[in-house]
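The values are calculated or read from the model by the stated rules, or taken from the named source; none is laboratory data. Owing to the predicted nature of the structure, the values given are computational and were not obtained by experimental measurement. FYI the Cβ positions are ideal-geometry reconstructions off the backbone, even for glycines, and counts take in every protein chain you see. Note: areas computed on protein heavy atoms with side chains; ligands, DNA, RNA excluded. Shrake-Rupley method; radii C 1.70, N 1.55, O 1.52, S 1.80 Å.
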Amino acid sequence: DSAARVLPSLIALSLIFKRPSHAVRVLGLNGKVQMRAILGMFSLLMVMDLVLRWAMGSAGMNEPGGGLSLGDAGVWGLVFAVVSACLLAPLAEEILYRGVLFGSLRNRLGMIPGALLSAAVFAVLHFYDGYGLLSVGIFGFFCALLYAGTGSLATVIVLHVLYNTAIKIPEWIVYHARLG
């Protein structure tokens, strides 16, 4: 799972950049992490998610396990879920979808069309339906805007870590933790 998350980003970076230091500079991986922007965007995304859940009702929410499998059970399942979904996925996905894809599309199409198209690809490649597709698409769109606004992919990666952690840990507690 971890290799599948990281490998596409590493391949893309190796094809585009001759030197790792060039990739770090161009993508804004060494940019200042802007906590106010992260917390503001995180708050906005949480409110938008509540509105989306309310508007859709139970449409598209057909996964009673919250996206977790039996492989996520137990303490080692939690460790795996946190490392994979809360650390590696944000790093790899932001490099690939915002750094490479959105950056290229923004240069060719402009900011809003680039943000919309990269968010659509990001959402579709998560293989959700209904609510999940829209939720991930909205998240991807706002990550692209945050990247464009700050120039710091590091800021967007931290937002993605926070967002995935806010989803994954409560899901794990509900579906796998021994309560009582």
**Item:** Residue range of the chain that is longest and free of trypsin sites (Lys or Arg not before Pro) which are both DSSP loop and sparsely packed (at most 10 other C-beta within 10 Å)
**Value:** 19-177
**Request:** Take the solvent-accessible surface of the protein heavy atoms, probe 1.4 Å, and return the percent of it on the chain that carbon and sulfur atoms account for.
**Result:** 69 percent
**Asked** Under unit Cβ charges (Lys, Arg +1; Asp, Glu -1), what dipole magnitude, rounded to 20 debye, does the chain have relative to its Cα centre?
**Response** 720 debye
**Message:** Probe radius 1.4 Å, ligands and nucleic acids left out: which of Phe42, Phe80 has the largest accessible area, and how do the rest follow?
**Reply:** Phe80, Phe42
**Fill in**
From most to least accessible, 1.4 Å probe, no ligand or DNA/RNA atoms counted, Asp49, Asp1 line up as Asp1, Asp49
**Request:** With a 1.4 Å probe and every protein chain left in place, tell me how much accessible area Val136 has, in Å² to the nearest 10.
**Result:** 20 Å²
**Asked** With every protein chain left in place, what is the accessible area per residue of the range 1-158 in square angstrom, probe 1.4 Å?
**Response** 55 Å²
**Item:** Potential extension, Ser104-Val174 segment - 0.36 nm per residue separation minus Cα distance
**Value:** 21.2 nm
**Accessible-area order (highest first, 1.4 angstrom probe) of the listed residues His22, His126, His160** = His22, His126, His160
**Message:** Just to be sure I understand the rule: take each whole DSSP H helix in the chain, project its Cα atoms onto its long axis, keep it if the span is 20 Å or more and its mean Kyte-Doolittle hydropathy is at least 1.0. Which ones pass?
**Reply:** 2-16, 35-56, 131-150, 153-176
